[in-house]
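The values are calculated or read from the model by the stated rules, or taken from the named source; none is laboratory data. What you see is a predicted model; the values in this text were computed from it and never measured. Methodologically, a virtual Cβ is constructed for each residue, glycine included, from the backbone with ideal geometry; neighbour enumeration extends over all protein chains shown.
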Amino acid sequence: MHRSIQALITEAEESGRRLPDVVLAFECAESGADPEEVRARIRKTLAVMEEAIEEGLKGEVFSPSGLTGGRARRLWENGPRILGERVTATLARAIATLEVNAAMGLIVAAPTAGAAGVLPSILVNAGEFLDADEEARVDAMLVAGGVGGVIAHRASLSGAEGGCQAETGTAAAMGAAAVTWLAGGSNEQISNSVALCLQGMLGLICDPIGGLVEIPCIYRNASAAMQAIAAAEMALAGLDFPVPADEVIDVMGEVGRKMPAAYRETAMGGLAATPAARRLVQIRPTGEPRGISG
Amino acid sequence: MVSLFDILGPTMVGPSSSHTAGACRLALLARAILGQTPERARIVLHGSFAATGEGHGTERAIVGGLIGLQPDDLRLRHAFAEGEAAGLEWEFERTDLGEEAHPNTTIFELTAGDETVTVRGASVGGGRVEVSDVDGFAVALGGDYNTLVLMAHDEPGTIAAVTRTLSDHDVNLATMRVDRTGRHKDALMTIEADQAIPEEAIEAIKSFPWLRWIRRVDRVS
């Protein structure tokens, strides 16, 4: 993977190739796979993402702990009240995937299971309202993967290392880049969308109640997806950010390294350590996920 | 090395890439080191695996991995029933291995027939795993390659003999590591290859008089 967003863009511009083609060529060179194999695998990945959303929106899946289930459906049925349909659908779809994840359903950890709701929600939504066909969505996945690879190299993707900003923050930055690409944004706008998105996720702690990938994770995925489309909207309108994407990524890494352990997936601080959370975790898991198909 | 599909994946049964997919993969790797599906397994969980494993399906994922289920196999949800059907007897223990141990450390004691192996490893994040110890010998196995682990009495020519044998069987080496306990003592070789390592190559290596033991560890998904 590339070491900087700038390197990705420079390589694309110097060789006259599109951003997804640069990411694809790099992956082929590293893995020895041919381009069509990689694209086919991404199509399969996209299909898993779409199925998880569909399953979650049925509202029938519940996690073994009972902490999550049915909420994506409730939002889908009761919204939008104040937002536009696209935003409400993005929120519901992000929650849907995370509810399937909590019920031991099949998901794509892009980049992690705890942040698995963000990118699918954005891709399915943008695919709909931008009328993007499957190949365009595969290209968008490549752009997202390129951005995620840079963040993995420069900072971290792990909540245990860098807090929630490293998980949902990275997923959001990937999603922002993907939707900016789909909407026809320039390379510069894609880079700006990453910076604009990630600056708003900086410092977000990982404080899962009971140590489970459930609460606040389902809601953090929803808000991260919204942050991503907001950043894309701003970047596409020509708004920029004075600190380049790579430097914002470095800041995310720095904040993660300085984050106290209580806020890095240990369930020792934040929401996980509140009286309400402590009462909740008295509930023992029932042992079986419910309502999940397959 | 991070691949595109480490970022856009893995595709997995939830809820946690480290505590579910990684746990399954670690068990798959332990099974690969044993070389077959175990009949009996004693599994010791430390740290975060011990503390939050229940809510993450960690034990199910481990039982599933031990009988060969992949991290994206929906049967992981009913892995206890699958494990019983496969004839596996297992017991879990929780322990504290101290501050130094990775929070997701697991120790496997696996038995099949006369074969027994003890494997220590950890799920290190994002579904990636690392086995650090096999039967008391320090190793570094991630399951990403077809791997040979062998212990040789340290004398001149052992490395050349092993690499020549592999090359005679058209095996292309990705990496090779040699750790020696001391001059003219034992040397542990860890060899990662792109292709599957054929049984004939292993038989040929077994015939060398200086070989103490050898294990083939096939790549896990």
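Details
- Residues of the stretch B:43-57 classified as among the β-branched types (Val, Ile, Thr) and either without any contact (Cβ under 8 Å) to a residue 40 or more places away in the chain or assigned to a loop (DSSP other than H, G, I, E, B) (or both), total: 1
- Qualifying residue in the stretch A:61-68 (condition: within 28 Å of A:Gly146 (Cβ to Cβ), polar (S, T, N, Q), in contact (Cβ under 8 Å) with a residue 60 or more places away in the chain and crowded, with 21+ Cβ neighbours inside 10 Å): no
- Residues being in contact with a helix residue (DSSP H, G or I) (Cβ under 6 Å, 6 or more places away or on another chain) and of a type outside the set (D, E, K, R) - total across the stretch A:74-104: 16
- Among the residues of the stretch B:75-91, those identified as surrounded by fewer than 17 Cβ atoms within 10 Å (Cβ to Cβ) and more than 14 Å from chain A (Cβ to nearest Cβ) are B:Glu84, B:Ala85, B:Gly87, B:Glu89, B:Glu91.
- Lone qualifier among B:Thr95, B:Thr105 - being surrounded by fewer than 16 Cβ atoms within 10 Å (Cβ to Cβ), in contact with a His (Cβ under 8 Å, 6 or more places away or on another chain) and not acidic (Asp, Glu): B:Thr95
- Candidates A:Ala166, A:Ala126 - the one that is in contact with a Leu (Cβ under 6 Å, 6 or more places away or on another chain), at pLDDT below 95 and buried (at least 24 other Cβ atoms within 10 Å of the Cβ): A:Ala126
- So B:Thr165, is it at pLDDT 90 or above and of a type in the set (Val, Ile, Thr): yes
- In the stretch B:39-53 there is at least one residue matching the filter, namely being touching a Pro at 6+ places or on another chain (Cβ under 6 Å) and assigned by TED's automatic domain parsing to the domain that holds B:Gly126.
- Among the numbered conditions (1) surrounded by fewer than 15 Cβ atoms within 10 Å (Cβ to Cβ); (2) in contact with a strand residue (DSSP E or B) (Cβ under 7 Å, 6 or more places away or on another chain); (3) free of Cβ contacts under 8 Å to residues at least 24 places away in the same chain, the only one that B:Arg177 does not meet is (3).
- Of all residues in the stretch A:32-44, none that is away from chain B (no Cβ under 12 Å) has its Cβ atom under 7 Å from the Cβ atom of a residue that is of a type in the set (Gly, Ala, Ser), 6 or more apart or on another chain.
- Residues that are touching a Gly at 6+ places or on another chain (Cβ under 7 Å) and of a type in the set (Asp, Glu) within the stretch B:74-114 comprise just one, B:Glu82.
- If you go through the stretch B:1-21 and keep only what is touching a residue at least 24 places away in the same chain (Cβ under 8 Å), among the aliphatic types (A, V, I, L, M) and either part of a strand (DSSP E or B) or more than 8 Å from B:Gly127 (Cα to Cα) (or both), you end up with B:Met12, B:Val13.
- Residues in the stretch A:111-125 that are out of contact with any strand residue (DSSP E or B) (no Cβ under 9 Å at 6 or more places or on another chain), under 15 Å from A:Ala173 (Cβ atoms) and of a type in the set (A, V, I, L, M): A:Ala115, A:Val118, A:Ile122, A:Leu123.
- Checked against (1) in contact with an Asp or Glu (Cβ under 7 Å, 6 or more places away or on another chain); (2) within 22 Å of B:Glu199 (Cα to Cα), B:Leu150 passes all but a single condition, namely (1).
- Every residue from the stretch B:58-92 that is small (Gly, Ala, Ser), under 14 Å from B:Leu28 (Cβ atoms) and without any contact (Cβ under 8 Å) to a residue 24 or more places away in the chain: B:Ala79, B:Gly83
- Some residue of the stretch B:22-42 being assigned to a strand (DSSP E or B), more than 7 Å from chain A (Cβ to nearest Cβ) and either free of Cβ contacts under 8 Å to residues at least 40 places away in the same chain or among the aliphatic types (A, V, I, L, M) (or both): yes
- Scoring B:Asp72 on the criteria (1) more than 14 Å from chain A (Cβ to nearest Cβ); (2) among the charged types (D, E, K, R); (3) touching a Ser or Thr at 6+ places or on another chain (Cβ under 9 Å) leaves a single failure, condition (1).
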